[in-house]
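Q: Attaching a single structure in structure tokens format; questions to follow.
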Amino acid sequence: MHTDHELRSERPLRLEKSHARVIECLSGTAWITAYAQFEDYVLRSGERYTIPNDGLVLVEAVGSGHIRVHGTATPRPALLRWLNLALPHTLNASNT
């Protein structure tokens, strides 16, 4: 599930309680300020950012732009295979 948003400068989109959701920049440039993060992030078209916690996140355009907010980040299959090899005792319930 996802939602699309049109962004404009000086009119930030507020996202709260959005831990692990993914912001995807569809067009333009998006400036992201997230709670408890020391640096802001800038996304350009095609780039993504995963929200690190449930704190307030502000997303604003540099000029104008469009973003899509995806439900949650999903681990990539290659990462899951690597984790299963590296840490089999933590991922396989049958090993407990």
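Q: At 7 Å along the Cα-to-beta-carbon direction for both R11 and R68, put a label point, then send me their distance in nm to one decimal.
A: The two pseudo-label positions are separated by 2.2 nm.
Q: Arrange the residues S18, S9 by how much accessible surface each exposes, largest first, with a 1.4 angstrom probe. Don't jump to the answer; show the numbers that get you there.
A: Details: S18 10, S9 55 Å².
Solvent-accessible surface, decreasing: S9, S18.
Q: Multiply the residue gap between D4 and R48 by 0.36 nm, knock off their C-alpha separation, and tell me the result in nm, one decimal place.
A: Values: separation 44, 0.36 × 44 = 15.84 nm, distance 1.37 nm.
My answer for the length gained is 14.5 nm.
The values are calculated or read from the model by the stated rules, or taken from the named source; none is laboratory data. Predicted model, so just to flag it, every value in this text is computed and none were measured. Neighbour counts run over all protein chains shown; Cβ positions are idealised from the backbone, glycine included. When the accessible area is computed, the model is the full protein with side chains, heavy atoms only, and any ligands, DNA or RNA have been set aside. Shrake-Rupley method; radii C 1.70, N 1.55, O 1.52, S 1.80 Å.
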